[in-house]
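K.L.:
Shown below is the structure under consideration.
Read-outs: derived from the displayed coordinates by stated rules, not from any lab. Everything numeric here is computed off the predicted structure, so don't read it as measured data. Glycine also receives a Cβ, built like all others from the backbone with ideal geometry; neighbour counts cover every protein chain displayed.
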Amino acid sequence: MGRAKGLCAVILLMLAWSAGAHAADKNVGNGKGAAAPAGDVIRWMLPWREGVTLRYATEDYDDEHDGDGRERTRITGIETVSIRKAGEDGYLQEWSFADTRFEVLEGEPAGVEVTQGLMESLGDLVLEVELDGEGNYQRIRNLTGVAARMRPVMKEAMVAATAAALDAEFAAAAPGDAEAAVDPAVMQAARSAALQTVDGMVERLTSPEVLERLLSEDAVRYNDFVGVELEDGREYEVDVDLDNPLSGGSLPARVTFGIHLRESDPDDVFLEWTTRVDPAKAAEAARHFLGMLLESMPEEARAQLPAELSIIENGFVLFRRSTGVVEMLEATRTVRAAGQLKVERRRMRLLDDDHRHEWAGDDAPTPAQEPADAA
């Protein structure tokens, strides 16, 4: 993929990262004036007690298609969620990471060097996540320290990736023809401009409002519905405004969700959701974010920005009714824009548990259907 196209893909993905599903109102089915429930009302109890430690096998699978081909990558590892403090006013939830492995499954994805560099240098990173007394995400307590660690690592990786991309571009401009080689002064000017752009991008990406949004996604999704009270077998639908500091405001979205008991084991409960973001508003937010991230926007990149950006997330959580512990989580986000299709799948599976759940398979994630396609 070209540099401009790769840049657009990164911007669209980063915006999509911040547009996840949110429960909006954890008691949506039990407010005043609500119809009397016809079935069993299930409350997802808070599992948090000081000392609770849960280990998960995790997978982050990215599958991207465009006119130039297909690129697939996967990151696997072990993530541990621990409760370090618990009280009436809230909880301190610690996330740590081990045995992380990055694989390129197909193609030559842009940004591989950046990902590998960050993983190798930040393998012992710990996120301290604060929750309120009802289990809602509040903030990353140690964000300042995390940003200080990430900034030089991210810059080094992005500089190396940018230099490699420029060298490849210059070589392609005059393959096997020394006389047609790019003027050294032009090459140096291009490198200097690219490095200035990298400096600005790193500063913006590691600013508190952007970095927290990018780092907190998994913790937000994991904790989002905990404490909800819903009627077994009923489908709920709400229109929400997703808080999105990356886009300069909020994004309107429609969330449908429901809960049901597992027939083979009534202690296992499934909660499923689908979030659809307003396509026109999402594209508008992407343009705003691109302008915020870059001091100057390449014309080629500007021309590729779409009028609509489709973001759909489907997911489920399997939790134990008697304890509230998450046993499995899977979320698949489908992003479509300007001829590009990107599908991301996040999985968590509890280890050291007597239920011993396993994934149905390891195939590539299936894209969500657009409403018109599903009709």
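K.L.:
Using amide H atoms built in the peptide plane, which far-off residues or other-chain residues are under 5 Å from residue 41 H to H?
P.N.:
232
K.L.:
How big is D, in µm² s⁻¹, for segment 189-286 by Stokes-Einstein at 37 °C and 0.692 mPa s if Rh is the Kirkwood radius over C-alpha pairs?
P.N.:
Diffusion coefficient, whole number: 196 µm²/s.
K.L.:
Efficiency by 1/(1 + (r/R0)^6): what FRET value for residue 49 and residue 139, r their Cβ-Cβ distance, R0 = 25 Å, to the nearest 0.05?
P.N.:
Efficiency, from the Cβ-Cβ distance: 0.70.
K.L.:
Can you list, bin by bin at 10 Å, the percent of alpha carbon pairs in segment 113-244, starting at 0?
P.N.:
Result returned by the calculation: 10, 28, 23, 18, 13, 6, 2, 0.
K.L.:
May I ask you to evaluate 6.51 cos²θ - 1.76 cosθ + 1.60, the Karplus curve with θ = phi - 60°, for each residue of segment 317-332 and list the ³J(HN,Hα) values in order in whole Hz, giving x for glycine and proline?
P.N.:
For segment 317-332, the Karplus curve yields 10, 10, 10, 8, 5, 6, 10, x, 6, 6, 9, 8, 9, 9, 9, 10 Hz.
K.L.:
Let me ask you something else. Mind listing the phi-derived Karplus ³J(HN,Hα) values for segment 149-160, rounded to whole Hz, using 6.51, -1.76 and 1.60 with θ = phi - 60°, and x for any glycine or proline?
P.N.:
Once rounded to whole Hz, the list reads 6, 6, 4, x, 5, 5, 5, 4, 5, 5, 5, 4.
K.L.:
For segment 65-109, report the convex hull volume of the alpha-carbon atoms normalised per residue, in Å³, without decimals.
P.N.:
Taking only Cα atoms, segment 65-109 has a hull volume of 89 Å³ per residue.
K.L.:
Sort 84-92, 132-140, 320-328, 341-349 for me by packing, meaning the mean count of neighbouring Cβ atoms within 10 Å per residue, highest on top.
P.N.:
Sorting 84-92, 132-140, 320-328, 341-349 by mean packing, highest first, produces 341-349, 320-328, 132-140, 84-92.
K.L.:
Where Lys and Arg each count +1 and Asp and Glu each count -1, what net charge lies around residue 106 among other residues with Cβ under 12 Å from its Cβ?
P.N.:
-3
K.L.:
In addition: Please give me the summed charge of the neighbours of residue 289: other residues whose Cβ is under 12 Å from its Cβ, Lys and Arg +1, Asp and Glu -1. Please list the in-between numbers first.
P.N.:
Working: positive: 204, 213, 287; negative: 209, 284.
Here the charged neighbours net out to +1.
K.L.:
With bins 5 Å wide starting at 0, give me the P(r) of segment 42-95 over every alpha carbon pair, in whole percents.
P.N.:
4, 15, 16, 14, 12, 11, 9, 7, 6, 4, 1
K.L.:
Something else now. What order do you get for 359-365, 221-227 when each peptide is scored by the mean count of other beta carbon atoms within 10 Å, highest first?
P.N.:
221-227, 359-365
K.L.:
Taking 10 °C and 1.306 mPa s as the conditions, I'd like the Stokes-Einstein D for segment 56-145 in µm²/s, using the Kirkwood hydrodynamic radius from alpha carbon pairs. The partial results should precede the final answer.
P.N.:
On the way: Rh = 15.2 Å.
It comes out at roughly 104 µm²/s.
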